[in-house]
Structure formats: structure tokens, C-alpha cells
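Heads up: the structure comes next, in C-alpha cells.
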């Protein structure tokens, strides 16, 4: 028996919205410590890693480890049936071939349940090493979304240059060039508007804007996003999911030997 | 007389027109990205600051893009998440990058 109840049901909607354009289907691994998901997009260019701890749920029960293969487009359609203020419970019995979503309105006057079929997915699990990154930049998630969106007008890739003073995002293309500089601003009035840089070594890396724009679909999840970068190592774009976990995206940079 | 009276109310009429519901809801012509931002749940000041302007321009994947699979080792079981995949198949905690092409196709 698996059952996870989340009063803040809108969080489920935001999480699915953040990954459904990148992943068509994924395996949700559930155990007594929580729910995890790891999947590559269909092109195997980027990696999504989601971790939701059991303590973050209002009730959480997982009698034995299970993996639920779910079509995310179907899951998104079902979750759109839930109101933003609904309490959402996800449950399935051991060895069942379906998963049930229960939506309860705040005053409990309306209760809906939807069942979707589970898929038998054969997916690879990648080991992600714990890494100390050369630069870790924390900035407003909305600002990062805006930067990626604006620079996608200019070119297909963005060059991120991180120094102690700040971080610069640059793009160039047929239309021209664009540069956006954000100064470090750790003492911003509002914590969510701060730009904080932790740096061991300055880096300049190039990334595909196509994927960064997919990643920024997670903006509604958190006010802040963290970019972790090292030379020739995949970028990590992390959004904290309330107090219960994180959603991370991984994307390889342009490698040094690929400079034109 | 009626006309004069109406003119006297012109200012307030303008105000009413300017606060038409669809405009005051902040959807203001920003395209998809703006609307997704407005449904975000991020603080209201954040919505106004970052919403609007250009929609996302969907770009192709650059030719240089490597697959993510060449950077991580395939783990058979959980708990083996401690090493980078090296080009020679070796692994280590420091960066050791496979410079071969991606294992999967790139769209």
C-alpha cells in the first residue's frame, strides 16, 4: 500500500507542469523515505531529478518499495482536474496496475477520484556524483526565466560568465548580441530578490537555451533558483520544492574542445 | 444638457475602461510565458517584475550539445551515486569527462 497526502495540492500541479514538456513518461520511485524521480528527456540531452521527502507530506505511507511508471501527459491532465486549493492524495495498492488521485476541496464538500493506468517502463538510472562546483549562483527564479526567454530571441545558446562581482549572461546571433549582467546583491531587502554568488574559481560556460527554457517551467515552484557550474561538467539548475525536497535539472555545457 | 453631463463624467469613464477585468488581472499581452508566470504562485511583486515582454523563442539544439548520459555512470542500484564517468570508462570524484558524442539522439 502506498498513500501520500499533500494539503498543498497545488504543489503537485506545479511539479508536473515543470517536467511534462521535457519528459513524456517517468518512473516514480516510492519508499519509506519519500518519492524520487530520475529521467532523461527523450533526446537524452538533459536529466531531471526530483526528490520529495516523506516528512513533507501530511500523511505518507509506503509499505514496500515500488516504482510507478506514469505517462506525464496523462498525469498532467488528471491534476488539472484538481482545484488549486484542493488536498491531493495519491495512492496505489501493492501490485496494482493503476494509481488513484483523490482531490478534496477545502471544505470537503467535493471529493473527486481519478485512476490512471501504470506503465511498465524500462529506464536507466544514472549515478549522480556529489560535486563541489566552482561557482554556485542563487538568483530570483523569475529573473532567470526572464533572462533565458529574452536571450532566446537573440541566439540558440547563452554564455554564462561568473565572477566574484556578478554573473553575466550573453547571447549572439543573426539579429545581434545581448548581454545581461547581474551584480551580486546578497543584502537585498527581500531574500527572494537576492543574487548570491559562491565562487572558488571563475567560470565561463555555454549552454543551449532550448533546454534552459524547458527548465524555467519550474519557476512557479520556488522564488529562487540555484545554478551550480564547473568547467566541462553538467550545469545543475535547482529549484527547492517547499520544505520537502528539490527539483534539479542537469545539462552539459559546450566543451572546451568544441570551441569554433 | 445631457451631453454636458456626460462630458463631466468623462474622466471617471476613462478610469472604468482602463480597469477592464482582463487588463487588471495582469495578463497584459505577454504571451505564453507571461501567463504561465501569472499562474505561478511566486510573490505578486515578482509577477509584475518579470512578466510580459517576449515569449520564449524555441531554438534548435546546438550541434555541439552532448548527451547527459556521457557524464554519469549507469547505476544498477541506488546508493552507487559517487562517481563521474570517465572517457576511458574509469571513474572518479573529480571531473573526468567522456568527450564522445551523446548516447542518445539529439533533437
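The values are calculated or read from the model by the stated rules, or taken from the named source; none is laboratory data. What you see is a predicted model; the values in this text were computed from it and never measured. When we count neighbours, we look across all protein chains shown, and the Cβ atoms used for this are built from the backbone with ideal geometry, even at glycine.
Observations on the structure shown:
- Within segment A:19-66, the set of residues being more than 11 Å from chain B (Cβ to nearest Cβ), within 16 Å of residue A:124 (Cβ to Cβ) and surrounded by fewer than 16 Cβ atoms within 10 Å (Cβ to Cβ) comprises just one member, A:24.
- Checklist (1) in contact with a strand residue (DSSP E or B) (Cβ under 7 Å, 6 or more places away or on another chain); (2) without any contact (Cβ under 8 Å) to a residue 60 or more places away in the chain; (3) within 12 Å of chain B (Cβ to nearest Cβ) applied to residue A:175, failing item: (1)
- Scan of segment A:124-140 for residues that are free of Cβ contacts under 8 Å to residues at least 60 places away in the same chain and either in a loop (DSSP other than H, G, I, E, B) or surrounded by fewer than 12 Cβ atoms within 10 Å (Cβ to Cβ) (or both), ordered by number: A:129, A:130
- Residue match in segment A:116-138 (condition: at pLDDT 95 or above, closer than 30 Å to residue A:67 by Cβ and in contact with a helix residue (DSSP H, G or I) (Cβ under 7 Å, 6 or more places away or on another chain)): yes
- Of all residues making up segment A:1-24, the number that are outside any loop (DSSP other than H, G, I, E, B) and within 26 Å of residue A:93 (Cβ to Cβ): 11
- Residues in segment A:181-204 include at least one that is closer than 20 Å to residue A:46 by Cα and surrounded by fewer than 18 Cβ atoms within 10 Å (Cβ to Cβ).
- Residue selected from segment A:1-18 under the condition under 18 Å from residue A:213 (Cβ atoms) and at the interface with chain B (Cβ under 9 Å from one of its Cβ atoms), by the criterion surrounded by the fewest Cβ atoms within 10 Å (Cβ to Cβ): A:17
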